[in-house]
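Trainee: Encoded as structure tokens, here's the structure I'll be asking about.
The values are calculated or read from the model by the stated rules, or taken from the named source; none is laboratory data. Please read these numbers as outputs of a predicted model, since none were measured by experiment. We place every Cβ from the backbone using ideal geometry, glycine too, and count neighbours over all the protein chains shown.
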Amino acid sequence: MRKLIVNADDFGLTRGINKGIIQGYRLGVITSATALVNMLHWQHAAELAERFPGLGVGLHFNLTSGPPVTKPEQVPSLVDQEGLFKGDLQDLAAADAADIARELYNQYNRLLYSGVKPTHIDSHEDIHNLDNVLAVVLNFAAQHDLPVRLVPQARGRYSHLGTVTTAALIDDFQERGANKPNFERLLQSCRANSVELRCHPGMVDSELENISSYTWQRERELAVICAYSKENLARELGFTLIPFSRKQLA
């Protein structure tokens, strides 16, 4: 049977998102989440992850939002004068590889020190689609034996380093596409043996409304995610639900 990972991004961004991800894991089909360890509510997310050890938790590598985990003076090409990530992808595309590697190492270690053994790496705002970031991420993942979210246009770079990923990534379950018919259509039309469906579920709170325009859409994603049980999804759509696992994806 084909393997499906339902991964929720942004674990740690707000308490409402954290609660939504856990609800989607307990009552729906979420199997995995990825953590923003530099954000204010990561410790709350870590506490929830400890309570629900069946939820796989990976690193949502972030170089665009908030402060770095590393001291700003040690990653000068990544930060502005206030010591925050610049947030501009063109600037990031020209960032120093050593700065990227240093921040990745420190974000990964923060996840470990929080008591979470990371299952894989993906990235906030898809920054690992950038060539310089992807090179660092793939080398780091190879050293630590971690899967990495698929960048379709760069498949060959994964196999060269022996890095594991899924055969397909479904990235169209969002905005107006976050509904049951589209959810089922996306899964039924994907014939790959291993698939990741990324999602952004959450509960809207005032903090989320202050920092993001993607608000009520998260609750709609959560409603669809919770419209299925893990057992029913396997039976109806022909997928075995798994968290990220090198052994299962290899």
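Trainee: If I filter segment 191-250 down to residues being within 20 Å of residue 177 (Cβ to Cβ) and aromatic (Phe, Trp, Tyr), which single residue comes out as surrounded by the most Cβ atoms within 10 Å (Cβ to Cβ)?
Mentor: Selected residue: 239.
Trainee: Among (1) small (Gly, Ala, Ser); (2) free of Cβ contacts under 8 Å to residues at least 40 places away in the same chain; (3) surrounded by 17 or more Cβ atoms within 10 Å (Cβ to Cβ), there is one condition residue 94 misses while meeting the rest; what is its number?
Mentor: (3)
Trainee: Just one of (1) over 19 Å from residue 211 (Cα atoms); (2) in a helix (DSSP H, G or I); (3) touching a Phe, Trp or Tyr at 6+ places or on another chain (Cβ under 6 Å) trips up residue 119, so point out which.
Mentor: Looking at each condition in turn, residue 119 falls short on (2).
Trainee: Among the residues in segment 184-194, are any acidic (Asp, Glu), out of contact with any helix residue (DSSP H, G or I) (no Cβ under 9 Å at 6 or more places or on another chain) and over 16 Å from residue 9 (Cα atoms)?
Mentor: No - not one qualifying residue is present in segment 184-194.
Trainee: Same structure again: Within segment 6-41, how many residues are buried (at least 22 other Cβ atoms within 10 Å of the Cβ) and under 21 Å from residue 107 (Cβ atoms)?
Mentor: Here the count works out to 19.
Trainee: Now a separate question. How about segment 67-84: which of its residues are surrounded by 17 or more Cβ atoms within 10 Å (Cβ to Cβ) and either small (Gly, Ala, Ser) or not in a loop (DSSP other than H, G, I, E, B) (or both)?
Mentor: Within segment 67-84, the subset surrounded by 17 or more Cβ atoms within 10 Å (Cβ to Cβ) is 68-70, 75, 78-79.
Those that are surrounded by 17 or more Cβ atoms within 10 Å (Cβ to Cβ) and either small (Gly, Ala, Ser) or not in a loop (DSSP other than H, G, I, E, B) (or both): 78, 79.
Trainee: Further question: Any idea how many residues of segment 192-222 are among the charged types (D, E, K, R) and in contact (Cβ under 8 Å) with a residue 60 or more places away in the chain?
Mentor: 6
Trainee: Which one is farthest from residue 56 (Cα to Cα) among residues in segment 146-174 that are of a type in the set (Val, Ile, Thr) and out of contact with any strand residue (DSSP E or B) (no Cβ under 6 Å at 6 or more places or on another chain)?
Mentor: So, considering only residues that are of a type in the set (Val, Ile, Thr) and out of contact with any strand residue (DSSP E or B) (no Cβ under 6 Å at 6 or more places or on another chain), the one farthest from residue 56 (Cα to Cα) is 151.
Trainee: Has segment 34-54 got any residue that is touching an Asp or Glu at 6+ places or on another chain (Cβ under 7 Å) and either at pLDDT 95 or above or within 22 Å of residue 135 (Cα to Cα) (or both)?
Mentor: yes
Trainee: Give just the number: which of (1) out of contact with any Phe, Trp or Tyr (no Cβ under 7 Å at 6 or more places or on another chain); (2) modelled with pLDDT of 95 or more; (3) over 26 Å from residue 45 (Cα atoms); (4) not aromatic (Phe, Trp, Tyr) does residue 153 not satisfy?
Mentor: (2)
Trainee: Testing residue 87 on (1) assigned to a strand (DSSP E or B); (2) free of Cβ contacts under 8 Å to residues at least 60 places away in the same chain; (3) not acidic (Asp, Glu), one condition comes back false. Which one is that?
Mentor: Status for residue 87: all satisfied but (1).
Trainee: Just one of 116, 133, 137 is buried (at least 20 other Cβ atoms within 10 Å of the Cβ), more than 24 Å from residue 47 (Cβ to Cβ) and under 15 Å from the mean Cα position of the chain (by Cα); which is it?
Mentor: Values: 116 fails: more than 24 Å from residue 47 (Cβ to Cβ); 133 fails: under 15 Å from the mean Cα position of the chain (by Cα).
On inspection, the qualifying residue turns out to be 137.
Trainee: Looking at segment 22-43, I want the residues that are within 20 Å of residue 244 (Cβ to Cβ) and have a partner that is assigned to a helix (DSSP H, G or I) and of a type in the set (D, E, K, R) with Cβ atoms under 6 Å, at least 6 apart or on another chain. Which pairs are those?
Mentor: Listed by first residue and then by second, the contacts come to 29/230; 37/110.
Trainee: Turning to a different aspect of this structure: So residue 150 ticks every box in (1) without any contact (Cβ under 8 Å) to a residue 60 or more places away in the chain; (2) closer than 26 Å to residue 117 by Cα; (3) part of a helix (DSSP H, G or I); (4) not polar (S, T, N, Q) but one. Which box is left unticked?
Mentor: Of (1) without any contact (Cβ under 8 Å) to a residue 60 or more places away in the chain; (2) closer than 26 Å to residue 117 by Cα; (3) part of a helix (DSSP H, G or I); (4) not polar (S, T, N, Q), only one is false for residue 150: (3).
Trainee: Shifting gears a bit: Sort out which residues of segment 71-84 are in contact with a helix residue (DSSP H, G or I) (Cβ under 6 Å, 6 or more places away or on another chain) and of a type in the set (A, V, I, L, M, F, W, C), and write them in order of number.
Mentor: The answer is 75, 78, 79.
Trainee: Hey, could you check segment 24-45 for residues that are among the small types (Gly, Ala, Ser) and part of a helix (DSSP H, G or I) and say which is farthest from residue 208 (Cα to Cα)?
Mentor: 24
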